[in-house]
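The values are calculated or read from the model by the stated rules, or taken from the named source; none is laboratory data. For clarity, every value in this text was computed on a predicted model and none was experimentally measured. Because the Cβ atoms are built from the backbone with ideal geometry, glycine has one as well, and the counts that use them run over all protein chains shown. Protein only, heavy atoms only, side chains kept; ligands, DNA and RNA dropped before computing areas. Shrake-Rupley method; radii C 1.70, N 1.55, O 1.52, S 1.80 Å.
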Amino acid sequence: MLISVAAKAAGLPPECVAHGLRKAALRRLAEHGATSKEMQAVSGHKTLAEIERYTRQADQQRLAKAAIGSLPDKE
């Protein structure tokens, strides 16, 4: 089923276009630890470079959180 048809059937507003829905799904997958290959399988993108555009911010946030978490509570 086409994303646009599914969005309309779900009652989503017209501004919920396929690209935006796909981008939101990929961002959420990245935030929850999906691998680039997993995300590529979901999105159908042909190259990992396209996927990395979506994961860059999520990776930055995850790495920053991990770095801060590695600090000792007290020194």
Consider the candidate values (1) 6.7; (2) 5.1; (3) 5.7; state which one is mean projected area of the Cα convex hull in nm² computed from the structure displayed.
(1)
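Might you tell me the accessible area per residue for the chain, computed with a 1.4 Å probe and given in Å²? Don't jump to the answer; show the numbers that get you there.
Details: 6050 Å² over 75 residues.
On a per-residue basis, 81 Å².
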At a Förster distance of 25 Å, what's the computed FRET efficiency of residue 23 paired with residue 65, Cβ-Cβ distance as r, to 0.05?
0.70
Rounded to the nearest percent, how much of the accessible area of the chain (1.4 Å probe, protein heavy atoms only) is carbon and sulfur?
58 percent
Using only the Cα atoms of segment 18-60, build the gyration tensor, take square roots of its eigenvalues as a ≥ b ≥ c, and label the shape rounded, prolate or oblate: rounded if a/c is under 1.5, else prolate if a/b is larger than b/c, else oblate.
rounded
Sequence order, segment 44-54: Karplus ³J(HN,Hα) from phi using 6.51 cos²θ - 1.76 cosθ + 1.60, θ = phi - 60°, Hz rounded, Gly and Pro as x, gives x, 4, 7, 10, 6, 4, 5, 5, 5, 4, 7
